[in-house]
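The values are calculated or read from the model by the stated rules, or taken from the named source; none is laboratory data. Since we're looking at a predicted model, the values are computed, not measured. Cβ atoms come from the backbone with ideal geometry, glycine included; neighbour counts cover every protein chain shown. These accessible areas exclude ligands, DNA and RNA; they are computed on the full protein's heavy atoms, side chains included. Shrake-Rupley method; radii C 1.70, N 1.55, O 1.52, S 1.80 Å.
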Amino acid sequence: MNTAPSASPSPAGAAGPWLWFLGAAGVVFAARLGEIHLHSGATPFLDQWDAEAGQILVPWLEGKLSWLAFFAPHNEHVPAWTRLISWLQVVLLGRWDPQLQMTFNAALHGLFAGVVAGWLRRTLPRWPAFGLTLLVVVLGSLPFSWENSTWGFQSHMPLALLFVFLHIRGSFTRTPGSTGWWWSQAAGLAALFTYGSMWAAPAAVMLTALWTGAPDRRRWIAPAVLAAAGLALLVGARSQQDPATSLALAAHSPQEFIADFLLQLGWPAVWPGACVVLCLPAFLLALQLRRKAHAENLDRIVIALAVWAVAQAAAFAFGRGGGSIGFVSRYGDLLALGVTANGVALWRLGQAARAGRAWAATALTLVWLATVAQGLQLISTRGHTEYFHERSERWAQLRRDAVQQYLATKDISQLSSEEVRKVLYPNPELVAQILDHPGLVKLLPVSLRPDSSPARGDFLSDVAARVRSAWAELAAAGGIVLLLGFWLAGRCAPSPTLPLVLAADPWHVPLFGLLAVGSAGLIFLWPNPLEFSAAGSTRVGQHSLAIIALASTLLGVFTVLNSRRRKS
């Protein structure tokens with residue numbers, strides 16, 4: 001819903017949004033630099049040897065590179081942008097430096113955080129915008145997603161987040177057919193060439209537009225076409241994947257899928273039923289938007305982001321549910337966007353709560369914040385994060401020593417050791433073949449090259465290393481800039497977004513009843529549905545389904561009683 005423009009802010013107030021953007025981006029950028037500085041290494045590892053060097057860099061050095069190679073499937077993904085960034089680094093800078101890639105990726109993560117923070121600043125009043133910006137900054141800064149910080153290959157992660165957000169936001173804030181709207185559809189198309197599950201972004205736009213009764217059919221037709229194209233791309237990539245790898249971690253039964261799906265929905269908390277608390281704000285907001293053609297664009301964006309996050313949880317459960325490995329570090333940033341969406345939904349519900357419902361909104365807010373805080377503390381200091389931090393220096397040394405030894409002696413024995421294969425690349429013959437190419441050796445960081453003679457791009461690697469070492473100072477500067485932006489924001493005109501008006505909907509009761517019956521019925525997919533003593537994620541799934549069934553039943557009863565009281 002479009003509203004009248006607000007009065008022009010003062011020059012000092014006009015600088016506030018930019019400082020807000022730069023402050024949020026700077027803190028996240030600096031935090032990622034700190035993780036790189038403390039826990040990364042200069043040696044490429046895992047998919048970089050195959051998807052970057054083997055498919056792009058070596059063919060380019062030999063004059064055989066085709067543009068189609070950028071779009072070749074890699075597992076179930078098509079990481080075209082990651083390959084392009086790696087290739088441009090080599091072409092323009094003469095480097096294949098993973099830590100330089102990581103530094104660039106950290107800047108992309110900062111850019112994404114700044115874009116989301118800027119949107120919050122322009123859309124919400126000052127205090128809720130600042131509180132939610134802090135949530136975005138915390139989610140972007142904590143080390144639970146260490147893989148996305150310390151692995152140069154993961155440039156498609158911040159790009160996926162940025163493209164998805166721009167697509168969803170522009171699809172609702174821009175007039176269909178306008179230049180800005182088409183750019184948002186282009187962002188949705190670009191997202192398809194990051195992760196295979198990014199077709200869920202246009203699908204979420206389509207579903208949200210249909211759910212809210214958006215009047216212009218172009219709001220959902222174009223995203224529907226993008227979603228179909230992305231799904232076809234995913235199916236095509238999956239069909240070319242080696243069955244031995246594609247099925248190794250996939251969920252092998254409905255029980256495994258449901259258990260892991262409910263676990264992922266409860267990210268970052270790991271206790272059974274956390275998904276009920278963490279997903280409830282967006283769920284309740286979605287109920288208020290049913291068939292509301294004139295709903296606020298803010299609310300539509302929030303619901304679409306939440307739907308997209310649910311789809312990511314389902315994708316992880318399907319592709320990784322059989323591994324019973326809990327949360328995967330590199331997927332944390334995707335699920336974190338869903339937490340942000342639920343945070344905004346929580347504020348919208350609290351804003352709309354009347355005096356008689358203020359206690360319920362306050363209770364939900366406190367429980368939600370406590371659940372998020374406890375989960376973030378756990379996954380950022382324990383589990384996979386603690387395991388990686390304790391071993392990162394050892395792993396980096398193993399990779400470096402193995403590559404240096406092979407370049408010096410051409411002996412593949414160290415590359416072939418089981419310990420090195422786990423942290424460098426499973427196929428030592430491929431690594432040896434790539435390292436045998438003299439042109440590629442010249443692109444490696446100076447710490448890996450057999451001789452330490454200067455090479456093109458060494459200066460930039462040195463500058464990036466100095467920037468990473470100053471991460472603490474950069475974080476402090478970013479925090480000061482963000483606070484300055486918050487102070488100047490008080491001089492800006494208030495947000496034009498209209499408050500959410502809670503309304504009774506007779507469809508709520510059947511939905512709660514269907515959810516209660518469905519979740520209670522799903523419990524009986526387990527062989528012993530009333531025995532909650534199984535180990536691992538299955539127990540989490542059983543407990544979660546029981547809690548969902550109970551919570552949805554109670555919500556349905558509360559809705560019925562509340563509607564009767566209102567009628568009387």
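Numerical summary
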{"item": "Accessible surface of region 136-221 [probe 1.4 Å, protein heavy atoms]: carbon and sulfur percent", "result": "69"}
{"item": "Cα Rg, Dmax, region 191-299, angstrom units", "result": "17.2, 50"}
{"item": "Taking region 255-305 and dividing mean pair separation by its residue count, relative contact order in percent (alpha carbons under 8 Å, at least six apart)", "result": "23"}
{"item": "Spread of Cα-to-Cα distances over 5 Å intervals beginning at zero, given as percent, for region 11-124", "result": "2, 11, 17, 16, 15, 13, 10, 8, 5, 2, 1, 0"}
{"item": "Rg ratio (alpha-carbon, reference 2.2 N^0.38 Å) - region 121-240", "result": "1.19"}
{"item": "Region 122-197: relative contact order in percent, alpha carbon pairs under 8 Å with at least 6 residues between", "result": "26"}
{"item": "Partner aspartates and glutamates for Lys292 [C-alpha distance under 15 Å; skip if fewer than 8 residues away on the same chain]", "result": "Asp216, Asp505"}
{"item": "Sorted peptide list for 392-401, 125-134, criterion being average Cβ within 10 angstrom, highest first", "result": "125-134, 392-401"}
{"item": "Surface accessible to a 1.4 Å probe, per residue, for the residues of region 117-210, Å²", "result": "29"}
{"item": "Region 307-423, accessible area per residue, ligands and nucleic acids excluded (1.4 Å, Å²)", "result": "45"}
{"item": "For region 147-205: rounded, prolate or oblate by the Cα gyration tensor [a/c cutoff 1.5]", "result": "prolate"}
{"item": "About the Cα centre, charge dipole magnitude for region 206-310 (Lys/Arg +1, Asp/Glu -1 at Cβ), debye", "result": "540"}
